[in-house]
Amino acid sequence: MDEYLELGHMESVRDPQHHRYPHYHLPHHAVLKEDSTTTKVRVVFDASCRTATRPSLNDALMVGPIVQDDLRSIMMRSRMHPVLLNADIKQMYRQILTDERSSSLQHIVWRSSPEEPLQTYELKTVTYGTASAPFLATRVLQQLAEDGQINFPRAAHVLRKDFYVDDLFSGANTIEEAIELRSQLESLLQSGGFELRKWASNEPAVIQDIPPENRALQTSIDFDREQCIKTLGLHWEPGTDTLRYKTQHTWDLSDGALTKRIALSHIARLFDPLGLVGPIITTAKIFMQAIWTLVDDNCKPWSWDKELPSTFKTRWEFYQNQLPNLNRLRVPRCVILPGPTTLQLHIFTDASEQAYGACIYVRSSNAAGDVMVALLTSK
């Protein structure tokens, strides 16, 4: 909160009783994020909080359309680059000022210690927790790309197509091209008041002149092959340039009752945007289908909080016991050979009584006659 004041992201309201514009007070609390490499404690503002007499701020805000590409498209494109670049924008939302007519809707009450009097402050920037924040921030990036496309054409294209909220996941064919792209991106974003940080690449030469504090992995000369970056829901090892999954055994018979609600909540946590472990996810979804058809003795749908039959519990425990095996899986991130002369897509589809799906393989070959085939995506 002190940093908010120091950076001018909020300011004290001198006379909170007299307002030029409509106002609203945001509840807020701290959230601890242990796996963050930068800010472990974050402030979360609850713009969805209603009072007894009034709607919440989010009830009155338009959400806005999605202006960036979907996650799957960005991830698939990133697998076509021999050299990958990954970074994120530091405090993206907080680099964007709101109109003064709107900032009065972002009042908060705060004091640094219980001994101090309560004070009213006004947040001056786009605030995480408001319904319109994702659109406002990403729309600013799109405008910045449009404004900078003449001076920074490559960076403008990447800013428009290869950012997912504040995460960059793009690349180039060579180290030299990647360095040029990185330079353009830094210049373009700096022109809009944004700073790129947590840089990473599968080629150390691309980021060797970046200060250690601005790298995702705190390495100097030694490039630890086991260090992993979590980005866009996946774990990526720059040292081996492979994608990984990190999961753990989350339930067994000793944990108590397995209900429909608990099982579905565990299934919802399985995240596989590229479909690289489709059979594992499909197994869970088939189990979910079976739960959905369950009926009780009165032929009514099985209650959300009633313990599942023992056969289902045994089946679920068997599945959960195998999930940690995913941690040993390494999938090559790049799916094409360097300098390919031909590229082909091979698509397979199939269906059964329980599921249907498709998978796409990329086949690349080069002038030397080398051939590489890799799974690009499945669903």
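Dipole magnitude for the stretch 1-127: about 400 debye, using +1 per Lys or Arg Cβ and -1 per Asp or Glu Cβ, origin at the Cα centre.
Evaluated with a Cβ-only charge set (Lys, Arg +1; Asp, Glu -1), the stretch 227-345 carries a dipole of roughly 240 debye about its Cα centre, given to the nearest 20. Please state the shape class of the chain: rounded when a/c is under 1.5, otherwise prolate if a/b exceeds b/c and oblate if not, all from the C-alpha gyration tensor. Oblate shape, in that a/c is at least 1.5 and b/c is the bigger or equal ratio. Counting only protein heavy atoms and a probe of 1.4 Å, the accessible surface of the chain is 54% carbon and sulfur. Residues in the stretch 79-86 carry Karplus couplings, in order, of 7, 9, 9, x, 10, 9, 10, 9 Hz; the curve used is 6.51 cos²θ - 1.76 cosθ + 1.60 with θ = phi - 60°, and Gly or Pro positions show x.
Placing unit charges on the Cβ atoms of the charged side chains and taking the dipole of the chain about its Cα centre, the candidate lying farthest along the positive direction among A351, L337, V109 is A351.
Using the 1.4 Å probe convention, the accessible area of the chain works out to 56 Å² per residue with neighbouring protein chains retained.
Going by accessible surface with a 1.4 Å probe and the largest first, W236, W304 read W304, W236. The charge dipole of the chain, taken about the Cα centre with unit charges on the Cβ atoms of Lys, Arg (+1) and Asp, Glu (-1), comes to about 900 debye, rounded to the nearest 20.
Just how far, in whole angstrom, is the stretch 164-202 from the stretch 63-141 if you go by their alpha carbon centroids? The two parts, judged by their Cα centres, are 19 Å apart.
Rounded, prolate or oblate: which one fits the stretch 300-341, using the alpha carbon gyration tensor with axes a ≥ b ≥ c (rounded when a/c is under 1.5, else prolate when a/b beats b/c, else oblate)? Here the stretch 300-341 falls in the prolate category. With the helix formula -39500 (n - 2.57) applied to DSSP H stretches of n ≥ 4, the chain reaches a computed 222 nm mean residue ellipticity of -7500 deg cm²/dmol. In the structure shown, the pairs K90/K379; K161/K285; K40/K198 are assessed against 25 Å; a Cα-Cα span above that value is assigned to K90/K379; K161/K285.
Within the stretch 145-225, the proportion of C-alpha pairs whose separation exceeds 17 Å stands at 46%.
The order of E237, E122, E115, E100 by accessible area, most exposed first and with a 1.4 Å probe, is E115, E100, E122, E237.
The values are calculated or read from the model by the stated rules, or taken from the named source; none is laboratory data. Computed from a predicted model, the values in this text were never measured in an experiment. Cβ: placed from backbone, ideal geometry, glycine included. Neighbour counts: every protein chain shown. Note: areas computed on protein heavy atoms with side chains; ligands, DNA, RNA excluded. Shrake-Rupley method; radii C 1.70, N 1.55, O 1.52, S 1.80 Å.
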